[in-house]
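**Q** Could you have a look at this structure, given as structure tokens, before my questions?
The values are calculated or read from the model by the stated rules, or taken from the named source; none is laboratory data. Computed from a predicted structure; not experimentally measured. Quick reminder, even Gly has a Cβ in these numbers, built from the backbone with ideal geometry, and neighbours come from all protein chains shown.
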Amino acid sequence: MLRSPPAALAAAAAAVTSLALVAAGAVAAAAHGADVAVAGSTVHVEFDRDAFSDSPAVLVWVRRAADIVAHYYGRFPAAALTLRIVAVPGEGVHGGQTFADPDPFIRIRLGREVTEAQLLSDWVLVHEMTHLAAPDTGEMHAWLSEGLATYVEGVARVQAGNRSEADVWAEQMRAMPQGLPRSGDHGLDHTHSWGRTYWGGAMFCLLADVDIRRRTQLRFGLQDALRALLRASGGMAADWPIARALHTADAAVGTTTLEDLYAQMKDTPVTPDLLALWRELGVEPDGATVRLLDGAPLAPVRHAIMRAP
């Protein structure tokens, strides 16, 4: 997890204020931990309540992130998860790591003075939880794992009302060009720079999502393929060859999109015209944000990506 965080939006904050009230019985607290129930799964949170200025807000943050991921995938991607929160000086969310060897485990660093607003606009925990939903395809293919987490985080938060659609597209327009190949690039499988791993992987996901929706006349998208991949593999604890993972996801939506894109991009530096794609989707730059144009040729695809199934 090394991605620049998106800007917090007041509109997104207002949309999820109601989540600050945790349902009765959802959180069973212990002296230095809590069990958070989410969609039939349990997130065991290990943290020192006394280390944070607003420990109740920390548990709301965990519940919100888990709900967002469960909503996107149709289920939380692990039956049980241990989340260890390490207190560090200052404010904000400072990064995390996700493991599944043998059991799902996330370690995340959180500022002792973190504010409720920072927790509300956080992307890090959603990113880390998203890692749990796909099988481990090996270090050579880290771009797939990080790219999925980077791409899905934005879409999932829009679907849950935790982020604005314009903010996600604006971030893509700012950051995704960092995922384009540069001189000396040898394809996604062989170029492991930060930009190619995170934003090159996210670019692969965007291209796949658009292509699946075009090929299926909007009946399916990448979200459907990823849900099927989670059902078949069980998530990150499984070690799968990348060919099996992509074939399984493709078969669920009746296309060969992921396999075709991988064949094109794994060993060769492919430079798609991102500006042209965004223009077709109806996304145009407007200062620090974007305008969304519903008259664009692929505006229905854009709507389908951001609409919850």
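**Q** Looking at (1) in a strand (DSSP E or B); (2) over 21 Å from the mean Cα position of the chain (by Cα), which is the only condition Glu91 fails?
**A** So Glu91 meets the others, but not (1).
**Q** Kindly list the number of the only condition in (1) farther than 30 Å from Ser53 by Cα; (2) of a type outside the set (S, T, N, Q); (3) crowded, with 24+ Cβ neighbours inside 10 Å that fails for Met129.
**A** (1)
**Q** In addition: So the check is Cβ under 8 Å with 6+ separation or different chains; which pairs have a first residue in the stretch 132-159 that's in a helix (DSSP H, G or I) and a second one that's among the basic types (Lys, Arg)?
**A** Partner pairs satisfying both residue conditions: Trp143/Arg196; Thr150/Arg3; Gly154/Arg163; Arg157/Arg163; Gln159/Arg307.
**Q** Kindly indicate whether Val283 is β-branched (Val, Ile, Thr) and touching a Phe, Trp or Tyr at 6+ places or on another chain (Cβ under 8 Å).
**A** Judged against the criteria, Val283 is a match.
**Q** Mind listing whichever residues of the stretch 254-309 are under 27 Å from Arg163 (Cβ atoms), of a type in the set (A, V, I, L, M) and in a loop (DSSP other than H, G, I, E, B)?
**A** Ala288, Leu293, Ala296, Leu298, Ala308, listed by residue number.
Here's the yes/no breakdown for (1) buried (at least 17 other Cβ atoms within 10 Å of the Cβ); (2) more than 19 Å from the chain's Cα centre (by Cα); (3) modelled with pLDDT of 95 or more:
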{"residue": "Ala39", "(1), (2), (3)": "no, no, no"}
{"residue": "Glu46", "(1), (2), (3)": "no, yes, yes"}
{"residue": "Pro77", "(1), (2), (3)": "yes, no, yes"}
{"residue": "Pro102", "(1), (2), (3)": "no, yes, no"}
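**Q** So, in the stretch 210-226, exactly how many residues are part of a helix (DSSP H, G or I) and crowded, with 22+ Cβ neighbours inside 10 Å?
**A** Matching residues across the stretch 210-226 total 6.
**Q** Which residue is nearest to Asn162 (Cα to Cα), if the candidates are limited to the stretch 44-72 and must be charged (D, E, K, R) and part of a helix (DSSP H, G or I)?
**A** Here the residue is Arg64.
**Q** Hey, another quick one. Within the stretch 102-126, which residues are among the acidic types (Asp, Glu) and in contact with a helix residue (DSSP H, G or I) (Cβ under 6 Å, 6 or more places away or on another chain)?
**A** Within the stretch 102-126, Glu116 is the sole residue that qualifies.
**Q** Another question, if that's okay. With respect to Ala296, is the statement that it is modelled with pLDDT of 95 or more and farther than 19 Å from Pro77 by Cβ true?
**A** It is true that Ala296 is modelled with pLDDT of 95 or more and farther than 19 Å from Pro77 by Cβ.
**Q** What about Pro285, is it within 23 Å of Pro181 (Cα to Cα), surrounded by fewer than 16 Cβ atoms within 10 Å (Cβ to Cβ), in the same structural domain as Glu153 (by TED's automatic domain parsing) and not small (Gly, Ala, Ser)?
**A** yes
**Q** Scan the stretch 271-290 for residues that are of a type in the set (Lys, Arg) and in contact (Cβ under 8 Å) with a residue 60 or more places away in the chain and report the count.
**A** Going through the stretch 271-290 one residue at a time, the tally reaches 0.
**Q** Next question, about the same structure. Going by what's in this entry, would Ser183 be described as surrounded by fewer than 23 Cβ atoms within 10 Å (Cβ to Cβ), of a type outside the set (Lys, Arg) and more than 24 Å from Leu292 (Cα to Cα)?
**A** Here the answer is yes, as Ser183 does meet what is asked.
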